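Asker: Quick one: the structure is below, questions incoming.
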Amino acid sequence: MTTGEVYRIDWVPGTDLLHGRCHCGTEHTAQNPEAMWSWMLAHPDHPLTPSTPGTPGTPERSTR
């Protein structure tokens, strides 16, 4: 078994939003799958963008 980076993108049920979590722990919410993957693959320089409207409690970017 190999180890490596894990990128996780989940659909937010009841919405048109995707919620991604990079292997570094940074999270992002977006509507466009291409934008989500671009953000994901920009690691470690994830671009900061404004929070997606209508997603209270889900920050656009957070670090752990």
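Asker: For W37 paired with T15, estimate the spin-label separation in nm (one decimal), with each label point 7 Å from Cα along the Cα-to-Cβ line.
Answerer: Going by the 7 Å Cα→Cβ label model, 2.2 nm.
Asker: Packing-wise, with mean Cβ within 10 Å as the measure, how do 20-31, 36-47, 5-16 rank, highest first?
Answerer: 20-31, 36-47, 5-16
Where a number appears in this text, it was derived from the coordinates with a stated rule and is not lab data. This one's a predicted model, so the numbers in the text were calculated from it and none came from an experiment. A quick note on method: Cβ atoms are made from the backbone with ideal geometry, for glycine too, and the neighbour counts reach across all protein chains shown.
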